[in-house]
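Have a look at the structure below, then the notes.
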Amino acid sequence: MIEFTFWDIVRNLLLAARWTVLLSLAAFVGGGIVGMVVLFFRIAKNKWSRRIASGYIALFQGTPLLMQLFLMFFGLPMLGLRIEPWTAAVLGLTFFASAYLAEIWRSGVDALPRGQWDAGASLGLHYLQELRLIILPQAFSITRAPTVGFLVQLIKSTALTSIIGFEELVRTSNAINNATFEPFKVYGLVALIFFLMCFPLTQYARSLERRAAAR
Amino acid sequence: MAFAWLPGALGDIAHGAVTTILLIAVTTLAGTLLSILGAAGRRNGPVLLKRAIGWYVEVMRNTPFLVQLFFIFFGLPSLGIRLDPLLAAMLAMTLNMAAYTIEIVGAGLDAVPGGQTEAALALGLRPRQVFIKIVLPQALKIIYPALTSQIVIMMLESAVVSQIAVRELTYEADMLQARTFRSFETYFVVTLVYLALSMALRRLLVTGGRRALGAGVS
């Protein structure tokens, strides 16, 4: 039996927290890129393209993330791809994030007055230029608070990847708990580490919200 | 893809779905009640209570549900509080949901014009009657759509409680795939069941809310 001092536990948890941070960032960036593509489909002029994007978003918002991760983990090998927990976790969270981010940004696009599009068109801009120069910058700027809020949700969601075997904070804490039999202390510390990661972002989102309301 | 195992598994899937429905039903009732008390306490309670509720909301909203669940199920026994899995799951889900709905209900309470309270007091109602009969119904009507989405989110979150061996839908899926070796197909079918459940739950809440709270609820 290995003896764990308090600082051993803390050190191991902090080392594992690096993977939680890395996974959150990878999923946020990946989700942002895929989410942009979904957004393009969601606000396109073509009715079918809008419907497909709505279906995609409804699918990811209407099923548990845990199921999405399981399908990724067990489904991709059926397509002949060799897959490890890290790949399944990043891909699963990327698609999950893309649906939510696309929907958040879509609400920003919808909130803009129709005149913004008309003004762009009257300046002779074509569709993509209108999006790039006029619509998207404003849409992103008014949805900054919910986007940061979603990042908090994403960080918390990385905990689920422990279930498909990715070695992040929660999985490491399970292992430490099995060795030390001190669940109160171990899970308390894990909660504290998550809190320290999420709380500043929550406060930041709140200040963005206040600033937006004051404008 | 092979689905020959499916007919024999329908019983297990249905059983799991019933437990998931039970979990969300209990959570919805207990969580809403708790959040009404919490939101009222945060506005009218003593300073210490206000501060405690504020911290409770922050802690629950900034930590993962899975960790809260493990803390309650594995951590509390060392304080002498031992809960069976189903009870622990219900407690964790209720406490988690309340943290979100305290804010939602609070926003609703703030949105009811102050004149409503003044008018009710002027009619001779006692403060408690004013809250229960005048302010709360109006607040609930305002926040009903937000409450509905939170309940659906909670239902999807409940998949996680399979990790402490509550025999709900995901737990049954785990058992099935271990028996059939058809992991992808099993989770695919169960995902569709969750999708149907979440759509049905949303529909039920919207029509039920329209009946209970009157027109204008979406």
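The values are calculated or read from the model by the stated rules, or taken from the named source; none is laboratory data. Values in this document were obtained by computation on a predicted structure and should not be read as measured data. Reconstructed Cβ throughout: ideal geometry from the backbone, glycine too, with neighbour counts over all protein chains shown.
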| message | Six or more apart or on different chains, Cβ atoms under 7 Å: show the pairs whose first residue is in segment A:49-76 and away from chain B (no Cβ under 11 Å) and whose second is outside any helix (DSSP H, G or I). | response | A:Arg50/A:Ala44
| When segment A:94-130 is examined, which residues are found to be in contact with a Phe, Trp or Tyr (Cβ under 8 Å, 6 or more places away or on another chain) and at pLDDT below 95? | A:Glu130
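Inside segment A:1-94, counting only helices (runs of 4 or more DSSP H) that do not spill past its ends, which hold 3 or more residues that are closer than 30 Å to A:Leu128 by Cα? Can you show your working first?
On the way: elements: A:6-42, A:47-61, A:65-75.
So the answer is A:6-42, A:47-61.
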| Can you tell me which residues in segment A:178-195 are more than 7 Å from chain B (Cβ to nearest Cβ), part of a helix (DSSP H, G or I) and without any contact (Cβ under 8 Å) to a residue 60 or more places away in the chain? | A:Asn178, A:Leu192
| request: Search segment B:7-19 for residues that are part of a helix (DSSP H, G or I) and pair each with any residue that is of a type in the set (Gly, Ala, Ser) when their beta-carbon atoms are under 8 Å apart and the residues are at least 6 apart or on different chains. | output: B:Ile13/B:Ala173; B:Gly16/B:Ala173
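With respect to A:Ser98, is the statement that it is of a type in the set (S, T, N, Q), assigned to a helix (DSSP H, G or I) and within 14 Å of chain B (Cβ to nearest Cβ) true?
Details: of a type in the set (S, T, N, Q): yes; assigned to a helix (DSSP H, G or I): yes; within 14 Å of chain B (Cβ to nearest Cβ): no.
No: the conditions fail for A:Ser98.
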| task | Considering (1) outside any helix (DSSP H, G or I); (2) surrounded by fewer than 19 Cβ atoms within 10 Å (Cβ to Cβ); (3) within 14 Å of chain B (Cβ to nearest Cβ), say which one A:Gly124 fails and leave the rest. | result | (3)
| Would you pick out the residues in segment B:61-85 that are more than 9 Å from chain A (Cβ to nearest Cβ) and surrounded by fewer than 20 Cβ atoms within 10 Å (Cβ to Cβ)? | B:Gly80, B:Ile81, B:Arg82, B:Leu83, B:Asp84, B:Pro85
| field | Any hit, segment B:42-58, residues being modelled with pLDDT of 95 or more, among the aliphatic types (A, V, I, L, M), closer than 18 Å to B:Thr101 by Cβ and under 20 Å from the mean Cα position of the chain (by Cα) | value | yes
| Is one or more of the residues making up segment A:151-158 more than 15 Å from the chain's Cα centre (by Cα) and small (Gly, Ala, Ser)? | no
| In the list A:Arg106, A:Arg50, which residue meets the criterion of being surrounded by fewer than 20 Cβ atoms within 10 Å (Cβ to Cβ) and basic (Lys, Arg)? | A:Arg50
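Scan segment A:127-169 residue by residue and report those that are more than 14 Å from chain B (Cβ to nearest Cβ), of a type in the set (Asp, Glu) and within 20 Å of A:Thr20 (Cβ to Cβ).
Of segment A:127-169, the ones more than 14 Å from chain B (Cβ to nearest Cβ) are A:127-145, A:147, A:167.
Add one more test, that the residue is of a type in the set (Asp, Glu), and what stays is A:130, A:167.
Hit for segment A:127-169 is A:Glu167, nothing else.
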